[in-house]
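Novice: Next up is a structure, given as structure tokens.
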Amino acid sequence: MNAARKKLLTGLAFALALSALLSVLVSASEAEETLPSMYATFWALIPPIVAIALALITKEVYSSLFVGILVGGLFYSGFTFEGTILHIYQDGFVGVLSDAYNVGILVFLVILGTMVCLMNKAGGSAAFGRWTSEKIKGRVGAQLATIALGVLIFIDDYFNCLTVGSVMRPVTDKHKISRAKLAYLIDATAAPVCIIAPISSWAAAVSGFVEGEDGLSIFVRAIPYNYYALLTIIMMIGIAVMKMEYGPMAVNEKNAVKGDLFSAKKGKSGVLPEDTNPKGKVIDLLIPIVSLIICCVIGMIYTGGFFQGEDFVTAFSQSDASVGLALGSFFAMIITIILYLVRRVLSFSDCMGCLPEGFKAMVPAILILTFAWTLKATTDSLGAREFVAEAVKSMSGNFLNLLPALIFLIGCGLAFATGTSWGTFGILIPIVVEAFIEVDSTLMIIAISACMAGAVCGDHCSPISDTTIMASAGAQCDHVNHVSTQLPYALTVAAVSFVTYIIAGFVKSAWIALPIGIVLMLGVLFVIKLTIGKSIEA
């Protein structure tokens, strides 16, 4: 007994000594930890630039993103093997996948994928497509209906992408609109619409970055100056009504009219799944979608404290979109399963079979999101935000009237490189408020709007943006094809927006600058139609 006790005491002493040694080593390593030599320099932007360039050149997104992450890890560790691996694994993949917000978005994705599978298997999507074919006439009507639905669902960009994609895919397929065009319409009515909607998760984010001021009031006053968002809507309606396309999108649309909805390569046609459920009706799509909208709104205001006494606008402005959307989509899925069981369009085993099928459908989007989040974490660890913040501060004293246009370009570049518009807001908006609050309040509003517009533009163009990835998932379109086809359209609007911000910086009036911007946008589209535009007819 004494011998056993002696061994136990010896073991405890060894464990205590070992834990003390480990704590000393950890403290020493933390003390020795220093910022990387490339911190807050231009090199911090190199990893995402490498990833984006490779994705556009090779048309392969997974390896391109990983190479960008690897470059960032090498920069951070000073080109040491162990440091690179640990940074990529621990601070990168493990870090982003253990983040509660990111996990909530992944849960939302999987549930949405399951709901889409349920609606397809129940025949609701096909029934809705047949019904709308009688109500919506032609390709123009299908595109305008997609735009209208995208504008109506303004509460959150993730929710917009997946919901509009689920509802409108049968319609656009019926009218031979390519998946690339559908992805563009989804993407262009996600972030650009959310950023001009006062009741949205984006308004809440922007308001939170305006410290010491009435954030929501500033957001509302900035809406008429948000030229990229407003002109994007004009652009979508214009190309739909004019029945013209240009760039890679024109090739996709011509092939779609011939029956290939999925690719720009001739002879590579996708096969649409055939509906085999004769019991499916329109309500089998409408009730799940309406339930999804209502449940997600309730979920978001719940996280914002609505049921604890906050008013609706306040609850929405301080909501947690990740938790709210995950909770809302879960209850919507339960309602959908109960509906199909009661109507006997699907058996319980069929409903449960949709869970892995829905997950599999979202695997590409989940993989790309995970890589993109890891790349963003790597870029943040290299001090990209600090580099851009210092660059903007150094410019704030010069070119005062031209500063909104310059801020728009900086916002575009930063959001494009990092794939995040919210992060861009967080960097630029506090700097703009500090630079303009004592100088010119109107110019401050224009500059804040330029921050938002530039961030949305860069986010819209970037292949590593989560919204762009969600739009590809919602349209079930090849991601790189979506990026390459929408890029000429987004850059066209960006160019017109830049010119409009130059005008706004001098006239300081939305009622003068915005009409000029709209006329310029329509004029550019008319010139494009006369020169390089291709007429697309079914």
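The values are calculated or read from the model by the stated rules, or taken from the named source; none is laboratory data. Small disclaimer: the values here were computed from a predicted structure and weren't measured. All Cβ positions, even for glycine, are placed from backbone atoms using ideal geometry, and neighbour counts span all protein chains on display. SASA here: full protein model, heavy atoms, side chains in, ligands and nucleic acids out. Shrake-Rupley method; radii C 1.70, N 1.55, O 1.52, S 1.80 Å.
Novice: Pop a pseudo-label 7 angstrom from the Cα along the beta-carbon direction at both residue 359 and residue 286 and give the gap in nm to one decimal.
Specialist: Between residue 359 and residue 286, the simple spin-label model gives 3.4 nm.
Novice: Between residue 344 and residue 409, how many nm apart are label points set 7 Å from Cα along the C-beta direction?
Specialist: Computed distance between label sites residue 344 and residue 409 equals 6.8 nm.
Novice: If you put +1 on each Lys and Arg Cβ and -1 on each Asp and Glu Cβ, how big is the dipole of the chain around its Cα centre, in Debye rounded to 20? Spell out each step's value before the answer.
Specialist: Values: 32 positive and 36 negative charges, 448 e Å.
So the magnitude is around 2160 debye.
Novice: Quick one: which of 100-106, 465-471, 380-386 comes out on top by average Cβ neighbours within 10 Å, and what's the full order, highest first? If you can, show how the numbers build up before the last one.
Specialist: Values: 100-106: 15.6, 465-471: 28.0, 380-386: 20.6.
Ranking, from highest mean packing down: 465-471, 380-386, 100-106.
Novice: Rounded to the nearest 20 debye, what is the charge dipole size of segment 94-170 about its Cα centre when +1 sits on each Lys and Arg Cβ and -1 on each Asp and Glu Cβ?
Specialist: Working: 6 positive and 4 negative charges, 105 e Å.
Taking the Cα centre of segment 94-170 as origin, the dipole is about 500 debye.
Novice: Give the calculated FRET efficiency between residue 148 and residue 80 to the nearest 0.05, with a Förster radius of 60 Å applied to their Cβ-Cβ distance.
Specialist: On the way: r = 54 Å, r/R0 = 0.91.
Between residue 148 and residue 80 the formula returns 0.65.
Novice: Within the chain, what whole-number % of the accessible surface is contributed by carbon and sulfur, with the 1.4 Å probe and all protein chains included in the calculation?
Specialist: Details: 15580 of 22640 Å².
Carbon with sulfur: 69 percent of the solvent-accessible area.
Novice: With the crude spin-label approximation of a point 7 Å out along Cα→Cβ, what separation in nm comes out for residue 531 versus residue 63?
Specialist: 3.7
Novice: Separate question: For the chain, what does -39500 (n - 2.57) per DSSP helix run (n ≥ 4), summed and divided by total residues, give at 222 nm, in deg cm²/dmol to the nearest 500?
Specialist: After summing the helix terms and dividing by the residues of the chain, the value is -25000 deg cm²/dmol.
Novice: For residue 307 and residue 135, FRET efficiency with R0 = 35 Å and r from the beta-carbon atoms, rounded to 0.05?
Specialist: Numbers: r = 38 Å, r/R0 = 1.09.
Given R0 = 35 Å and the Cβ-Cβ separation, E is 0.35.
Novice: I've got another one for you. Only helices at least 20 Å long along their axis, Cα-based, and averaging 1.6 or more on Kyte-Doolittle count here, so list those DSSP H runs from the chain.
Specialist: On the way: long enough: 2-32 (45 Å, 0.93); 61-77 (24 Å, 1.64); 100-122 (33 Å, 1.74); 138-152 (21 Å, 1.32); 157-174 (25 Å, -0.04); 227-242 (21 Å, 2.21); 283-303 (29 Å, 2.38); 321-343 (32 Å, 1.98); 348-381 (47 Å, 0.74); 403-418 (22 Å, 2.16); 421-436 (21 Å, 1.55); 441-461 (30 Å, 1.44); 479-507 (40 Å, 1.13); 510-531 (31 Å, 2.27).
Going by DSSP H runs, the hits are 61-77, 100-122, 227-242, 283-303, 321-343, 403-418, 510-531.
Novice: As an exercise, take the mean of 1/r over every pair of distinct alpha carbons in segment 62-171, invert it, and state the Kirkwood radius in angstroms.
Specialist: On the way: mean 1/r = 0.0577 Å⁻¹.
About 17.3 Å for segment 62-171.
Novice: Could the peptides 50-57, 365-372 be put in order, highest first, of the mean number of other beta-carbon atoms found within 10 Å of their residues? Numbers along the way, then the final one.
Specialist: Working: 50-57: 19.2, 365-372: 21.2.
Peptide ranking by packing, descending: 365-372, 50-57.
Novice: For the peptides 479-488, 352-361, 38-47, 454-463, what is the packing order when you average, over each peptide's residues, the other Cβ atoms within 10 Å and list the highest mean first? Numbers along the way, then the final one.
Specialist: Working: 479-488: 22.1, 352-361: 16.5, 38-47: 19.1, 454-463: 29.4.
Per-residue mean Cβ counts within 10 Å order the peptides as 454-463, 479-488, 38-47, 352-361.
Novice: Normalized C-alpha radius of gyration of segment 367-516, against 2.2 N^0.38 Å?
Specialist: Values: Rg = 16.0 Å, N = 150, 2.2 N^0.38 = 14.8 Å.
Compared with the compact-globule rule of thumb, segment 367-516 sits at 1.08.
Novice: Sorting 130, 169 by accessible area (1.4 Å probe), largest first, what list results? Intermediate values should be presented prior to the final figure.
Specialist: Details: 130 115, 169 20 Å².
Accessible-area ranking of 130, 169, largest first: 130, 169.
Novice: Have a look at 197, 150, 132 and report the one farthest towards the positive end of the charge dipole of segment 132-203, computed about the Cα centre with Cβ charges (Lys/Arg +1, Asp/Glu -1).
Specialist: Final value for the positive-end residue is 132.
Novice: Right, another one. Return the FRET efficiency for the residue pair residue 298, residue 442: r is the Cβ-Cβ distance, R0 is 41 Å, and the value is rounded to the nearest 0.05. Mind showing how you got there, number by number?
Specialist: On the way: r = 38 Å, r/R0 = 0.94.
Once the sixth-power term is evaluated, E becomes 0.60.
Novice: With a 1.4 Å probe and all protein chains left in place, how much accessible area per residue does the chain have, in Å²? Spell out each step's value before the answer.
Specialist: On the way: 22640 Å² over 538 residues.
Here the residues of the chain average 42 Å² of exposed surface.
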